[in-house]
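Notes to accompany the following structure.
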Amino acid sequence: MSTAARVRDLVDALNPEQRAAVKHRGGPVLVLAGAGTGKTRVITVRIADLVVEGVEPAHILALTFTNKAAGEMAERVAGFLGHDAARAMTIGTFHSLGLKILEEEARHLGFRRGISLLDAADQAGAVRQCLKQLGIDPKRHDPRVFMTAISNARNAGVDPARMAQNPAKKMIARVYRAYLEWLEAYQALDFDDLIIAPVRLMHDHPEVLEKWRARFRTILVDEYQDTNTAQLGLMRVLASEHRSLCVVGDDDQSIYGWRGADFRNILEFEKHFPDATAIALTQNYRSTGHILAAANGVIGNNTERRVKSLWTDVGEGEKVRVVTCKDPEAEAAFVAAEIRRRASEESRPWHEFGVLFRTSMQTRAIEESFRLAGVPFRLVGAHEFYERKEVKDALSYLRLVDNADDEVSLLRIINFPGRGVGPAAIAALHDAGGESGAIKAALAKVEENEALNKTQREKLAALRDVLAEARRKYRTERDGAAVLEYLCEATGAREAWIRDPTEGPGGHRRWRNIEQLIEGIRNYQERSGGDLRDFLRIIALDSKNKSEEDEQRDAVAFMTLHSAKGLEWPVCFMIGCQEGIIPHQRVLDEGKGDVTEERRLFYVGVTRARRIAYLTLARVQKRFKGTEPSRPSRFLREIPAANRVDEERAPGGGAVEKSEQLARFAALRDRLAAKNKR
């Protein structure tokens with residue numbers, strides 16, 4: 001069968017609304033895709049249909065918000081059109097697009113050295129320096145608070161002068177201004193710059209704008225409800241001429257306002273693009289009737305939204321179960337026992353169950369209960385591998401192999417392992433760096449620097465030479481894993497990690513993490529054929545560890561509601577459905593009664609369930625040294641009575657339910673049996 005025939009069959013298999021979204025031409029189109037309505041299928045089939053109609057793959061730009069989602073989109077497109085066509089397209093995240101533009105247009109930035117991209121930890125260090133420079137104690141004023149405020153301001157187009165007009169934000173404005181000066185001085189970019197700088201470049205250099213408009217003649221954006229003002233600006237400037245723009249999203253699933261996303265972008269799409277057409281997808285292919293009716297009943301209480309109601313033809317299914325327990329421990333025991341019961345009675349594998357929570361503070365009781373019941377689980381997003389200090393140090397060494405001018409990475413490792421290089425020595429290096437103050441230039445002649453003592457000169461010269469040898473080895477062997485192994489030995493980093501006093505006598509955990517990193521680089525090279533720069537770029541753009549072994553293990557998934565967006569399970573539990581947890585107490589204290597985003601988060605949680613949904617809560621909650629009564633979440637009251645079943649577990653604080661006891665006995669029995677086999 002030809003590619004055109006396969007794509008025609010794909011289009012014919014869509015429902016009428018999906019087909020309209022795929023076939024729309026002649027101007028911008030907004031596809032309002034409710035939860036489980038097949039939005040990814042729509043956007044990928046639309047790409048395939050455009051290519052079959054004659055659009056060159058190289059002129060297609062498709063954007064989403066995570067590398068994982070972009071990879072899945074590329075795989076689907078490759079399945080429809082072949083790998084050559086998919087590789088010719090630009091399919092990635094907003095930030096990867098920004099980095100691509102900045103790397104190609106670097107000459108317009110005026111940087112004397114290569115691009116240094118800060119990650120979150122580097123950014124925090126820069127803000128901490130700015131606080132100290134301004135005489136603000138970073139121990140009393142959390143740098144992360146300033147980072148968030150500065151990032152939100154930059155993405156909203158608010159400069160320090162405008163921020164300073166608000167008396168309550170004058171201190172933040174001072175730090176904001178100092179931070180921008182720091183970025184300029186070190187010729188560094190942060191993640192916000194990956195969107196802001198390309199827009200500024202296109203504004204200042206019309207030829208750059210024309211080049212990228214000509215390259216991307218068709219633009220598609222997934223998860224459009226998660227865009228911020230800066231990302232909207234980038235889309236408007238790229239699409240304003242050809243108008244071939246398709247955005248897909250759901251305002252009811254906009255849950256990232258705390259990190260700058262503006263759900264008004266999707267509500268006001270026709271305002272930004274007056275000739276736009278809006279198409280709503282409402283047929284849900286994921287959940288049963290009772291689950292959808294419960295979700296619709298809740299989200300309908302938000303007034304600022306696009307009115308739509310999801311429906312399904314898969315049947316009503318079981319009603320949503322709202323289960324009240326004595327306390328968080330009893331709640332956790334119930335969840336573990338119920339999962340064990342259903343897994344046994346219904347022959348369900350563990351991965352068909354998901355447990356969602358609002359904050360990581362809720363996990364202690366549930367983890368303990370699952371361990372006791374012998375139920376395997378994986379805590380998704382709990383360990384941010386690439387945020388560990390030893391991993392970041394190793395990556396900084398590799399960045400210096402890739403880019404000898406990366407001043408930020410050099411500053412990070414210049415005193416690791418310890419070389420006696422403190423602030424005074426670094427200042428002396430800056431002074432010796434000539435007009436630019438570059439430490440690289442100072443290292444080239446560090447033996448002559450009389451402002452440093454003999455030991456410092458010797459150790460810095462050794463660092464310079466080791467880095468030079470590492471670059472030579474990489475140019476010769478093109479093996480990033482081998483180069484990192486060499487660096488770990490030649491710099492003494494391996495020994496430093498193993499003897500780290502924070503690990504206690506004979507601590508090897510940090511070194512095991514580095515071994516895992518080395519293995520990860522080796523696997524990446526073998527799988528993709530990519531070079532060191534490609535690997536470092538992927539890590540910089542998506543630093544959360546994705547352990548394939550853990551993701552493939554048959555286990556119950558634990559994760560926050562925010563992390564669960566886009567996922568689904570046949571049986572799903574949302575725990576802690578009480579006031580102060582969802583809606584969160586911080587929102588209640590600071591939000592002046594506006595809980596619309598918390599309601600959207602609750603809606604996302606309910607719609608993760610395909611067949612069976614449990615919403616659990618405890619009658620009391622822990623507060624410091626004691627407990628206090630809790631109240632059911634207001635969102636539970638918004639679920640229609642016809643779509644829910646209310647249950648009380650162990651009323652009056654009595655013994656644990658019999659099913660929970662049986663689960664514990666079963667777990668103990670299994671453990672004893674396994675021990676006897678050994």
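Every number in this text was worked out from the coordinates using simple rules, so none of it is lab data. Remember, it's a predicted structure, so these values are computed and weren't measured experimentally. We place every Cβ from the backbone using ideal geometry, glycine too, and count neighbours over all the protein chains shown.
Just to be sure I understand, if you calculate mean projected area of the Cα convex hull in nm² for this structure, which of [x] 38.3; [y] 41.6; [z] 34.8 do you get?
Label of the calculated value: [z].
Would you please give the residues with an amide H less than 5 Å from that of T93, counting only those at least 5 places away or on a separate chain, with H modeled from the backbone geometry?
T64
Would you calculate, for the chain, the mean residue ellipticity at 222 nm contributed by helices, counting each DSSP H stretch of 4 or more residues as -39,500 (n - 2.57) and dividing by all residues, to the nearest 500? Write down the numbers at each step before the final one.
Numbers: 33 runs with 351 residues, N = 678.
Per the formula, -15500 deg cm²/dmol.
Run down the aspartates and glutamates and flag those whose C-alpha is under 18 Å from the C-alpha of K308, throwing out any fewer than 8 positions away in its chain.
Those aspartates and glutamates meeting the cut-off are E17, E223, D250, D251, D252, E268, E270, E597, E638.
Could I have the simple spin-label model distance between V314 and A451, label points 7 Å from Cα toward Cβ, reported in nm to one decimal?
6.7
Taking 8 Å as the Cα distance limit and 6 or more residues as the minimum spacing, I'd like the relative contact order of the chain as a percentage. Don't skip to the end; give the middle numbers.
On the way: 1037 pairs, mean separation 123.8, N = 678.
That works out to 18 percent.
Just want the answer: with Cβ charges of +1 for Lys and Arg and -1 for Asp and Glu, which residue in I366, N15, F263 is farthest toward the dipole's positive end in the chain?
I366
From the phi of every residue in the stretch 267-276, what ³J(HN,Hα) in whole Hz does the Karplus formula 6.51 cos²θ - 1.76 cosθ + 1.60 yield, where θ is phi - 60° and glycine or proline is x?
3J(HN,Hα) across the stretch 267-276, in whole Hz: 5, 10, 4, 5, 6, 6, 10, x, 8, 6.
Using θ = phi - 60° and the Karplus relation 6.51 cos²θ - 1.76 cosθ + 1.60, list the HN-Hα couplings for the stretch 31-36 in order, rounded to whole Hz, with x at every Gly or Pro.
So the Karplus estimates, Gly and Pro as x, are 9, 7, 10, x, 4, x Hz.
What FRET efficiency do you get for R348 and S563 if R0 is 25 Å and r is their Cβ-Cβ distance, rounded to the nearest 0.05? Don't skip to the answer; put the middle values down first.
Details: r = 22 Å, r/R0 = 0.88.
With R0 = 25 Å, the Cβ-Cβ based efficiency is 0.70.
Restrict the search to the stretch 194-260; then list the GluC sites (Glu not before Pro) that DSSP places in a loop and that have at most 12 other Cβ atoms within 10 Å of their Cβ. Walk me through the intermediate numbers first.
Values: sites: E207, E210, E223, E241; in loops: E223, E241.
Of the GluC sites (Glu not before Pro), the ones in loops of the stretch 194-260 whose Cβ has at most 12 other Cβ atoms within 10 Å are E241.
Going 7 Å from the Cα of R321 along its beta-carbon direction, which residues of the stretch 565-603 have the amide nitrogen within less than 12 Å of the resulting point?
Counting backbone N atoms under 12 Å from the label point, the list is 571-574.
So which chymotrypsin sites (Phe, Trp or Tyr not before Pro) in the stretch 242-347 end up in coil per DSSP with only 15 or fewer other C-beta atoms within 10 Å? Display every interim value, and only then the final one.
Details: sites: Y256, W258, F263, F269, Y285, W311, F334; in loops: Y256, F263, Y285.
Sites meeting the loop and neighbour criteria: Y285.
Report, for the chain, the % of DSSP beta bridges that are antiparallel, rounded to 5. Please list the in-between numbers first.
Details: 5 of 55 bridges.
Within the chain, antiparallel bridges account for around 10 percent of the total.
Can you tell me the FRET efficiency between R215 and V145 if r is taken as the Cβ-Cβ distance and R0 is 35 Å, rounded to the nearest 0.05? Spell out each step's value before the answer.
Numbers: r = 39 Å, r/R0 = 1.12.
The value I calculate is 0.35.
For K271, give me every one of the aspartates and glutamates with a C-alpha distance below 13 angstrom, ignoring sequence neighbours fewer than eight places off in its own chain.
Those aspartates and glutamates meeting the cut-off do not exist here.
Report the calculated FRET efficiency for K271 and H203 (r = Cβ-Cβ distance, R0 = 22 Å), to the nearest 0.05. Write down the numbers at each step before the final one.
Values: r = 21 Å, r/R0 = 0.97.
About 0.55, to the nearest 0.05.
Tabulate in residue order the Karplus-calculated ³J(HN,Hα) for the stretch 312-318, using 6.51 cos²θ - 1.76 cosθ + 1.60 with θ = phi - 60°, rounded to whole Hz; enter x for Gly and Pro.
Once rounded to whole Hz, the list reads 8, 10, 8, x, 6, x, 6.
Which helices count as membrane-span-like in the chain under these terms: full DSSP H, at least 24 Å along the axis by C-alpha, Kyte-Doolittle mean of -1.0 or more?
Details: long enough: 328-345 (25 Å, -0.42); 454-477 (34 Å, -1.32); 509-528 (28 Å, -1.65); 658-677 (28 Å, -0.84).
Answer set is 328-345, 658-677.
Quick one: of K211/K473; K392/K440; K170/K211; K389/K459; K132/K445, which pairs are farther than 32 Å apart, Cα to Cα?
Working: K211/K473 37 Å; K392/K440 20 Å; K170/K211 40 Å; K389/K459 22 Å; K132/K445 30 Å.
In this structure, K211/K473; K170/K211 lie more than 32 Å apart at Cα.
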